[in-house]
Amino acid sequence: MNNDILALRSHLFNTLTALQDKDNPMDIDRAKAICQVGDVIVDTAKTEIDFMRVNGSIDTQFFQKPTPTAQLSSPAAKPAIEQKTTENNRATITVEGNVTTHKAK
């Protein structure tokens with residue numbers, strides 16, 4: 001079992017699908033328990049992000065770095081995925097020209 005955000009999403013969406021099954025719906029108490037565990041996992045991820053903010057890290061085990069699907073062909077070109085930390089608690093990720101900036105509060 002993977003222990004990352006993608007696995008958590010998968011489990012939560014599977015729970016939602018099971019709840020919607022008209023022939024054999026999931027027990028409500030079981031679904032609530034799954035969602036409560038999901039909440040705790042999200043809270044620990046928030047704590048991990050706070051820790052990253054304090055120590056200036058951009059590495060985490062819960063949020064996996066995307067794997068590049070393709071590299072640019074020019075040897076002088078930048079890699080398809082570039083990640084850097086800037087000032088003011090910002091992390092910028094560039095994936096094949098698309099720039100995403102995250103700011104920690």
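Near Gln36, within a Cβ-to-Cβ distance under 15 Å, what is the net charge of the other residues, with Lys and Arg +1 and Asp and Glu -1?
Within the 15 Å Cβ shell, the charges total -2.
With the Cα gyration tensor of the stretch 1-52 in hand, give its eigenvalues times 5 under a square root as the equivalent ellipsoid semi-axes, listed largest first in whole angstrom.
26, 11, 7
Taking R0 as 30 Å, what FRET efficiency do you get between Met26 and Asp50 from their Cβ-Cβ distance, rounded to the nearest 0.05?
After rounding, the FRET efficiency stands at 0.35.
Values quoted throughout were computed directly from the atomic coordinates according to the rules given, and no laboratory measurement underlies them. This is a predicted model, so every value here is computed, not measured. Virtual Cβ from ideal backbone geometry, glycine too; neighbours counted across all protein chains shown.
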